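Written below as structure tokens is the structure these notes are about.
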Amino acid sequence: MLAQWFAAKADHPDALLFFRMGDFYELFFEDAEKGAPALDIALTTRGEHDGRPIPMCGVPAHSHEAYLARLIRRGFRVAIVEQTMDPAEAKKRGLRGPLPRAVVRLVTPGTVTEETLLEGARPNWIAASTGTALAWLDISTGAFGVRPAGGAALAAALAAREPAELLLPEDRLADPVFAEWRARAVVLPAARFRPEAGRRVLEAAYGVATLDAFGPFSEPELAAAGALLDYVRATQAGRLPRLEPLAREAEAATMAIDAATRRSLELDRTGPDTLLGAVDRTVTAAGARMLAARIAAPSTIAATIAARLDAAGFFLAEPGLRDAVRARLKGAPDIARALARIALGRGAPRDLAAIRDGLAAARAAQGVLAAATLPRPPLIASAEAALDPAPALAERLERALVDRPPARAGDPGAIAAGFDAALDAARALRDDSRRVVAAMEAEARTATGVPNLKIRHTAQLGYFIEVPEAAGLRLRDAPPDTLPGFTHRQTMAGTMRFVTDALAALDRRIVEAGAEAEAREAAILADLTDAVRAEEGAIAAAAEALAILDVAAATAVLAEAEAWTRPEIEESAAFAIEDGRHPVVEAAVRREGGAYVANGVDLSPGGRLWLVTGPNMAGKSTFLRQAAILAILAQAGLFVPARRARIGIVDRLFSRVGASDDLARGRSTFMVEMVETASILNQATARSLVILDEIGRGTATWDGLALAWAVLEALHDRLRCRALFATHFHELTALGPRLPELRLAHLRVKEWKGEVVFLHAVAEGAADRSYGLHVAKLAGMPREVIARAATVLTALEERARGLAPLAEEMPLFARTAVARAEAPDELRRILAEIDPDALSPRDALDLVARLKSLL
Ligand code: ADP
């Protein structure tokens, strides 16, 4: 047995072995030493190896899932080693020595399928990257995608999915783009990422001779997707999960949002006080996952966005229908995840019931939709058509399964009475025993004259007669001849146990009937499983249709309850919001009994760049973030909190609001700010939206002002993107007249009965800079200090006026300086990043235009 353990360990040196022994999974040696404290269970020893006791700990097999969950959450990988033959079979075959065992599954954070290990409302991605392409798979639903992505695009694509596990070739681990993901990285030999091998793996997985039908894939894409699938198959001991067709995401199909922007907008968080928490009105886990995925990767395709908005609009116009659909969806089980477990051979009877109940909910929703009076938009129509995928199978599952079948595979009692005559007969025989035993007990009491005689059952003896010791001694010496084969078997404390021929026969009959019932049930379940697998594509489509309906209905519910509007999505550079609100801050303000002040912004051509000033706590960062969030919601295909929103599609979103120290990586606030600003200036395009707060705050005033100035100019002249720029450098407002696209805005405050009141309303022009003195006065600062400060302020303002002529000269100077010193490096950098294999002709053309503009 130890040899088996060592062999399995050699194959999986980085995993803890859950080594099956009877009713337990045992951990040995260093696994036990690591596992026992992590699981909070006792560490013991067993036997010896090399003259030393072997450390050991164990968990019961029937409740091992909870322990597994704890280990996976703590970052362990676990290899499950099962007995591959049951003891009876081994005996029959005359096998000696330990039972044969094998690793049946490697459990890792990216390959779990258990409900206890998954978050219902979030996809669980495992990803693989070559550095120039990214592939991602959620084995709990079968969603599988790939796209070309290198450098910043790769960083954004990773941030959008937050994979639980990321597979990397060893020669790419040092790539800075993976720095944030090293803790989740699984390093594989570079040879596992080969395009040709990848192609073969994919063709085999889909059972096709060529991948042409799925789309043209570049070599890095094939390498990444192939390595991913290969790894997943290895963790499942050779089995493949159910896979949706591999979807190729075009490079520019989704809004690129990097990790810093996600943090700044708190997109990566879940909970009540987050964007997801504020907008999620879905009633199913699959709907919540779809919503989260849309917000994580908003679309840049006008038609896609319009289709989603149309679907929501339909439910807004049909409120009765919508509520009826939601009522059918509510509490419907998670079909996709049940299906994934079934496909991996890990399905329990409960998963079949989930399919049954999910299909019933889908059929009910279809019935409701049939009553629609308005024409259905395409997304609704196609969802409706997919809702009743396999009526015969659904009907069979209804008849076959009991209402709530057991959660664990192998537990009896899943099949309903009346479904299968042979099963019913075997069960009757088995269950009949109770009546037979009662009759035999009465008979034995009469025959022995012992009134408190009992017939009992243990696994070891089977059925036996038990009597008090005194009566037992008498019976042993003079067995009653009316009970043939009456034999003494055991003496316990105070009692004695006997068997008879009739009891032995009953035992045999019951065991046989039980085994027959079990085998029959297993065969029926296997049949049902096969039937489900035969329809899995259609069932998965129904699950997706339910999620689409859920998200569309939820969008309508939110729009109706909160008076959100349908955004107007355009291919222009417009960005005009009237009376916009920040959903998360609004909810918080409302909870405190306050009222949120709606604000508009217009970054359309002619005023692309807004410079926002105002004192702390006036609402600047809320105003800035609000614009970014509206863009995300709109392009996710949701309605938005605004009276009107006209949005030209944003290709990339950058938000740097509220910089924080990245001390873990030894960078100061200022360094982080500069790194992040640099990445914006290097990546933003004319279609991007940039939100910058307090650039240059982390350094000396003049440095900071100079940097903020130069960044503002670069946004205005070079990137020509839409941008909101908040600053406490009033000097920058001097640039106002000089930069034609620049608009000045401020957040209003007023003094009222000796207190400063924040109005949170945005108005044109620069903020009043003497406001700080008012606050100081209110705070009780000595009068002479205030007076002195006022004098200094006037002097400083003189100086700032002196900056105005400087502003006249600076832009020219800035442009030449940029052209001479920076452009060649930038060209070089871009050229170095190009992966010709991953470029579409369209991308190549864009690239040429970009390079040319940099010259
Ligand atoms: P700043 O960035 O100017 O320091 P914040 O944007 O952090 O200010 O806002 C400070 C607080 O003001 C917020 O936490 C919120 O409670 C309140 N607030 C901001 N904007 C609004 C608004 N439009 N309506 C109502 N309250 C607001």
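The values are calculated or read from the model by the stated rules, or taken from the named source; none is laboratory data. Note that the structure is a prediction, hence the values are computed from the model and not measured. Here Cβ is always computed from backbone atoms with ideal geometry, including for glycine, and neighbour counts include all displayed protein chains. For accessibility, only protein heavy atoms count, side chains too; no ligands or nucleic acids. Shrake-Rupley method; radii C 1.70, N 1.55, O 1.52, S 1.80 Å.
Segment 1-73 holds strands (runs of 3 or more DSSP E) entirely within its bounds, and those carrying 2 or more residues that are more than 34 Å from the chain's Cα centre (by Cα) map to 44-49, 52-60.
In segment 1-29, which residues are open to solvent by 70 Å² or more (accessible area, probe 1.4 Å), free of Cβ contacts under 8 Å to residues at least 40 places away in the same chain and out of contact with any Gly (no Cβ under 8 Å at 6 or more places or on another chain)? Lay out the reasoning, then the answer.
Within segment 1-29, the first condition is being open to solvent by 70 Å² or more (accessible area, probe 1.4 Å), and the residues that meet it are 3, 6, 10-11, 13-14, 23-24.
So of that shortlist, the ones also free of Cβ contacts under 8 Å to residues at least 40 places away in the same chain come out as 3, 6, 10, 13, 23-24.
Those that are open to solvent by 70 Å² or more (accessible area, probe 1.4 Å), free of Cβ contacts under 8 Å to residues at least 40 places away in the same chain and out of contact with any Gly (no Cβ under 8 Å at 6 or more places or on another chain): ALA3, PHE6, ALA10, PRO13, ASP23.
Name the pairs: first residue in segment 375-394 and of a type in the set (D, E, K, R), second residue part of a helix (DSSP H, G or I), Cβ to Cβ under 7 Å, at least 6 apart or on different chains? Qualifying pairs under 7 Å: ARG376/PHE314; ARG376/GLU384; GLU384/GLN366; GLU384/LEU369; ASP388/ALA362; ASP388/ARG363; ASP388/GLN366.
Each residue in segment 201-220 was checked for being assigned to a helix (DSSP H, G or I), of a type in the set (A, V, I, L, M) and free of Cβ contacts under 8 Å to residues at least 40 places away in the same chain, and 5 of them qualify.
Between GLY666, GLY648, GLY658, which is within 29 Å of ALA311 (Cα to Cα) and either modelled with pLDDT under 95 or away from the ligand (no atom under 16 Å from the Cβ) (or both)? So that I can check it myself, show each step before the final result.
Details: GLY666 fails: within 29 Å of ALA311 (Cα to Cα); GLY658 fails: within 29 Å of ALA311 (Cα to Cα).
The conditions single out GLY648.
What number of residues within segment 167-217 satisfy the criterion of being among the β-branched types (Val, Ile, Thr) and open to solvent by 90 Å² or more (accessible area, probe 1.4 Å)? Even if it seems obvious, please write down each step before you answer.
Narrowing segment 167-217 to residues among the β-branched types (Val, Ile, Thr): 177, 186-187, 201, 208, 210.
Those still in the list that are open to solvent by 90 Å² or more (accessible area, probe 1.4 Å) too: none.
Qualifying residue count, segment 167-217: 0.
For GLY780, the conditions (1) within 49 Å of the chain's Cα centre (by Cα); (2) more than 16 Å from the ligand (Cβ to nearest atom); (3) more than 30 Å from GLN683 (Cβ to Cβ); (4) not acidic (Asp, Glu) all hold with the exception of (1). Put simply, of ALA526, ALA540 the only residue that is of a type in the set (A, V, I, L, M, F, W, C), more than 16 Å from the ligand (Cβ to nearest atom) and open to solvent by 40 Å² or more (accessible area, probe 1.4 Å) is ALA526. Assessment of segment 75-85 against the conditions (assigned to a strand (DSSP E or B) and open to solvent by 30 Å² or more (accessible area, probe 1.4 Å)) yields at least one matching residue.
Within segment 66-87, residues that are more than 15 Å from ALA7 (Cα to Cα) sit with their Cβ atoms under 7 Å from residues that are in a helix (DSSP H, G or I) and of a type in the set (S, T, N, Q), at 6+ positions apart or across chains, in these pairs: ALA66/THR116; ALA69/THR116.
Determine whether VAL511 is open to solvent by less than 40 Å² (accessible area, probe 1.4 Å) and β-branched (Val, Ile, Thr).
No; evaluated as a whole, the condition is false for this residue.
Confirm whether ARG687 is open to solvent by 10 Å² or more (accessible area, probe 1.4 Å), within 35 Å of the chain's Cα centre (by Cα) and closer than 29 Å to GLY150 by Cβ. Criteria met by ARG687.
Looking only at residues of segment 506-521 that are aliphatic (A, V, I, L, M) and modelled with pLDDT under 90, we find that the one that is farthest from GLU441 (Cα to Cα) is ALA515.
What residue, of ALA303, ALA340, ALA361, is at pLDDT below 95 and either touching a helix residue (DSSP H, G or I) at 6+ places or on another chain (Cβ under 6 Å) or of a type in the set (A, V, I, L, M, F, W, C) (or both)? It would help to see each step written out before you state the result.
Details: ALA303 fails: at pLDDT below 95; ALA361 fails: at pLDDT below 95.
Only one candidate qualifies: ALA340.
Give the residue, chosen from LEU609, LEU525, LEU546, that is of a type outside the set (D, E, K, R) and farther than 29 Å from ILE415 by Cβ. Only one candidate qualifies: LEU609. The residue of segment 741-768 that is nearest to the ligand (Cβ to nearest atom), among those that are closer than 30 Å to SER604 by Cα and open to solvent by 70 Å² or more (accessible area, probe 1.4 Å), is HIS760.
Among the residues of segment 576-588, those that are near the ligand (Cβ under 9 Å from one of its atoms) and either of a type in the set (Asp, Glu) or open to solvent by 40 Å² or more (accessible area, probe 1.4 Å) (or both) comprise VAL585, GLU586. Among the residues of segment 378-393, those that are under 26 Å from PHE315 (Cα atoms) and open to solvent by 10 Å² or more (accessible area, probe 1.4 Å) comprise PRO378, LEU379, ALA381, SER382, GLU384, ALA385, ALA386, ASP388, PRO389.
Regarding ARG396, is this residue within 26 Å of ALA517 (Cβ to Cβ), surrounded by fewer than 17 Cβ atoms within 10 Å (Cβ to Cβ) and of a type in the set (D, E, K, R)? So ARG396 fails the test.
Exactly one residue out of ALA561, ALA595, ALA573 is outside any strand (DSSP E or B), open to solvent by 10 Å² or more (accessible area, probe 1.4 Å) and within 14 Å of the ligand (Cβ to nearest atom), and it is ALA595.
How many residues are open to solvent by 70 Å² or more (accessible area, probe 1.4 Å) and closer than 17 Å to MET1 by Cβ if we restrict to segment 30-51?
So in segment 30-51, the residues open to solvent by 70 Å² or more (accessible area, probe 1.4 Å) come out as 30, 33-34, 37, 40, 42-43, 45-46, 48, 50.
Restricting the remaining residues to those that are closer than 17 Å to MET1 by Cβ gives 45-46, 48, 50.
Of the residues in segment 30-51, 4 are open to solvent by 70 Å² or more (accessible area, probe 1.4 Å) and closer than 17 Å to MET1 by Cβ.
Filtered by the rule that a residue be assigned to a loop (DSSP other than H, G, I, E, B) and either open to solvent by less than 10 Å² (accessible area, probe 1.4 Å) or in contact with a Gly (Cβ under 8 Å, 6 or more places away or on another chain) (or both), segment 349-377 gives a lone residue, PRO377. Scanning segment 605-614 for residues that are more than 7 Å from the ligand (Cβ to nearest atom) and surrounded by 16 or more Cβ atoms within 10 Å (Cβ to Cβ) turns up GLY607, ARG608, LEU609, TRP610, LEU611, VAL612, THR613. The set of residues in segment 100-144 that are assigned to a strand (DSSP E or B) and within 12 Å of ARG337 (Cα to Cα) comprises ASP138, ALA143.
Take the conditions (1) away from the ligand (no atom under 16 Å from the Cβ); (2) assigned to a strand (DSSP E or B); (3) surrounded by 15 or more Cβ atoms within 10 Å (Cβ to Cβ); ALA706 misses just one of them, which is (2).
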